[in-house]
Amino acid sequence: MTASVTEEVVEGKESPARSIPRGTRKTRQEQTNGAEGQRFFLAKHGGTGGVPELGRELSAEAEAMVESLKTGLSYFVVSEWRGVADFSGRKPHLSREAAGAAPRAG
């Protein structure tokens, strides 16, 4: 069984109902990939391997990658988040925000 999909075309444009694909809306956090609260550290020399021991902090992931290649050490990406609850709807909505951001009122 085959099905065909037809779209209504109005003056060379798609119909408004079909112009925005469903399920593609992203929150502000997803659009930035959470990079706004990230910090980058090289591992300390002689670390035990169990508990991460942070060494020198680097300004960007690219710099951390290069230093990791030069030194043979691993690097860590650390991010800090705060849980946020929105009780305005029928069901509570839980989300996160970067800890450095100003807390939302609500």
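Just one of the numbered conditions (1) in contact with a Phe, Trp or Tyr (Cβ under 8 Å, 6 or more places away or on another chain); (2) at pLDDT 95 or above is not true of residue 55: (2). Residues in the stretch 73-87 that are touching a Lys or Arg at 6+ places or on another chain (Cβ under 9 Å), open to solvent by 60 Å² or more (accessible area, probe 1.4 Å) and outside any strand (DSSP E or B): 80 only.
The values are calculated or read from the model by the stated rules, or taken from the named source; none is laboratory data. Note that the structure is a prediction, hence the values are computed from the model and not measured. We place every Cβ from the backbone using ideal geometry, glycine too, and count neighbours over all the protein chains shown. Each accessible area value is taken on the protein alone, full model and side chains, heavy atoms only, with ligands, DNA and RNA left out. Shrake-Rupley method; radii C 1.70, N 1.55, O 1.52, S 1.80 Å.
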